[in-house]
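Below is one structure, written out as structure tokens; comments come after it.
The values are calculated or read from the model by the stated rules, or taken from the named source; none is laboratory data. Owing to the predicted nature of the structure, the values given are computational and were not obtained by experimental measurement. Note that each Cβ is placed from the backbone with ideal geometry, even for glycine, and that neighbours are counted across all protein chains shown.
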Amino acid sequence: MTDQSSPIPATHDASRRTLLRAGALSVAAIGASASLGQAQAADSKAGTSAPVPGAFWPDGIRMVVSISMQFEAGAQSEHNNGSPFPSMTEDLPDLPARTWFEYGVREGIPRMLDLWDKHGVKVTSHMVGRAVELNPSLAKEIVQRGHEAAAHGHTWTPHWTMTPEQERASYQSNIDAIRAATGTRPVGFNAFWLRGTPRTLSILQELGFTYHIDDLSADQPMTTTVNGKPFVIVPYTLRNNDIARFGAEGPLTAAAFGQELKDEFDQLYAESAGRRRMMSISMHDRIGGTPARVKVLGDFLTYARKHRGVVFARKDQIARWTLALPNVPGKLY
């Protein structure tokens with residue numbers, strides 16, 4: 001990867017952020033309390049549609065929603081990086097593409113952080129190490145506002161092109177960057193375009209990770225055995241993923257995406273009366289953080305939080321639950 005990126009200065013307007021957060025945090029406290037209350041409340045009128053408390057999730061939770069917020073800006077390759085601009089000769093810098101990615105840290109992530117605060121939702125942010133090095137204050141703010149910092153490799157160099165030594169070094173550099181910026185150590189991992197290698201899980205477990213998300217095969221968490229120990233799978237989706245549904249600037253409108261989220265939620269919520277269900281949503285800094293998409297995501301959060309027993313949880317929490325829950329499906333790779 002040709003790294004011609006320069007650090008994106010943290011130029012967020014402090015007074016604006018302070019004002020927004022002051023109102024949002026009070027709403028967040030109410031929202032978090034309401035979510036917990038919904039999860040634990042007994043509904044005597046639910047009849048046979050209500051699950052047995054604690055049968056599928058702890059504390060009587062009926063259904064879990066897990067949101068990812070990808071932090072990638074500045075770590076992208078100079079060319080062939082998925083931007084909306086036509087490809088150009090590789091001996092020149094792609095200046096407009098740089099600004100398209102830069103939007104993610106200047107506007108996208110700050111806008112989504114305010115959204116999460118407003119609704120009392122905690123998310124998992126998969127952070128590319130180089131992006132964190134270029135914007136450490138933003139990475140720190142994500143964690144300070146209660147969200148999980150998870151690993152996403154150190155650069156956009158595909159892991160499958162690396163030697164075992166290079167792959168391990170990439171993960172360790174990613175850990176070091178996140179720890180230096182946030183004071184936390186990631187325990188979850190997302191490979192570049194979900195494509196790890198046959199040795200990835202073994203390396204991750206040896207480095208102290210407890211879960212990965214590079215699996216599309218279920219709507220509930222699973223475990224696999226790595227080096228004789230359980231390793232958690234917190235499944236991902238492409239259908240509830242902005243980069244797959246919108247692409248760079250694709251044809252699906254924000255309103256259509258919002259409707260898809262509601263339809264997906266409705267079906268999973270109905271199924272959750274009789275089995276363990278989890279809904280996974282993924283938003284990328286420069287794609288999901290645009291105004292229209294944040295607006296419809298907020299509409300969805302309002303809708304989902306009205307349903308009894310629905311909890312929004314970070315993936316590290318889901319992984320801890322999974323290791324303690326009974327009847328968790330196992331999987332062989």
**OP:** Given the conditions (1) at pLDDT below 95; (2) more than 17 Å from the chain's Cα centre (by Cα); (3) within 26 Å of Phe312 (Cβ to Cβ), report the number of the one that Gly104 does not fulfil.
**Re:** (2)
Original post:
Checking Ser280 against (1) crowded, with 16+ Cβ neighbours inside 10 Å; (2) in contact with a helix residue (DSSP H, G or I) (Cβ under 8 Å, 6 or more places away or on another chain), which single condition isn't satisfied?
Top reply: (2)
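Quick check: anything in region 116-123 assigned to a loop (DSSP other than H, G, I, E, B), at positive phi and either hydrophobic (A, V, I, L, M, F, W, C) or modelled with pLDDT of 95 or more (or both)?
Applying the first criterion (assigned to a loop (DSSP other than H, G, I, E, B)) to region 116-123 yields 120-123.
Adding the requirement that they be at positive phi leaves 120.
Right, trim to either hydrophobic (A, V, I, L, M, F, W, C) or modelled with pLDDT of 95 or more (or both) and you get 120.
Checking region 116-123: at least one residue is assigned to a loop (DSSP other than H, G, I, E, B), at positive phi and either hydrophobic (A, V, I, L, M, F, W, C) or modelled with pLDDT of 95 or more (or both).
Within region 161-171, can one find any residue that is within 28 Å of Arg276 (Cα to Cα) and in contact (Cβ under 8 Å) with a residue 24 or more places away in the chain? Step through it out loud before you land on a result.
As a first pass, look at region 161-171 and keep what is within 28 Å of Arg276 (Cα to Cα): none.
The answer is no, given that none of the residues of region 161-171 is within 28 Å of Arg276 (Cα to Cα) and in contact (Cβ under 8 Å) with a residue 24 or more places away in the chain.
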**OP:** Answer yes or no as to whether Asp266 is outside any loop (DSSP other than H, G, I, E, B) and charged (D, E, K, R).
**Re:** yes
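Before we move on, is Lys140 more than 24 Å from Gly183 (Cα to Cα), in contact (Cβ under 8 Å) with a residue 12 or more places away in the chain and out of contact with any Asp or Glu (no Cβ under 8 Å at 6 or more places or on another chain)? So that I can check it myself, show each step before the final result.
Numbers: more than 24 Å from Gly183 (Cα to Cα): no; in contact (Cβ under 8 Å) with a residue 12 or more places away in the chain: yes; out of contact with any Asp or Glu (no Cβ under 8 Å at 6 or more places or on another chain): yes.
No; evaluated as a whole, the condition is false for this residue.
Condition check ((1) over 14 Å from the mean Cα position of the chain (by Cα); (2) of a type outside the set (Lys, Arg); (3) in a helix (DSSP H, G or I); (4) modelled with pLDDT of 95 or more) across all residues:
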| position | (1), (2), (3), (4) |
| --- | --- |
| Ser280 | no, yes, no, yes |
| Gly289 | no, yes, no, no |
| Arg293 | yes, no, yes, no |
| Gly298 | yes, yes, yes, yes |
| Thr302 | yes, yes, yes, yes |
| His307 | yes, yes, no, yes |
| Val311 | yes, yes, no, yes |
| Gln317 | no, yes, yes, yes |
| Leu323 | yes, yes, yes, yes |
Subject >> Filter result (exposed (fewer than 15 other Cβ atoms within 10 Å of the Cβ), at negative phi and either in contact with a helix residue (DSSP H, G or I) (Cβ under 7 Å, 6 or more places away or on another chain) or part of a strand (DSSP E or B) (or both)) within region 188-229 >> reply: Arg195, Arg199, Thr225, Lys229
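Looking only at residues in region 289-308 that are charged (D, E, K, R) and closer than 22 Å to Phe71 by Cα, which one is surrounded by the fewest Cβ atoms within 10 Å (Cβ to Cβ)? Don't jump to the end; show me each part of the working.
Restricting attention to region 289-308, the residues satisfying the condition of being charged (D, E, K, R) are 293, 295, 299, 305-306, 308.
Filter again for closer than 22 Å to Phe71 by Cα, leaving 293, 295.
Details: Arg293: 24, Lys295: 15.
For region 289-308, the residue satisfying everything is Lys295.
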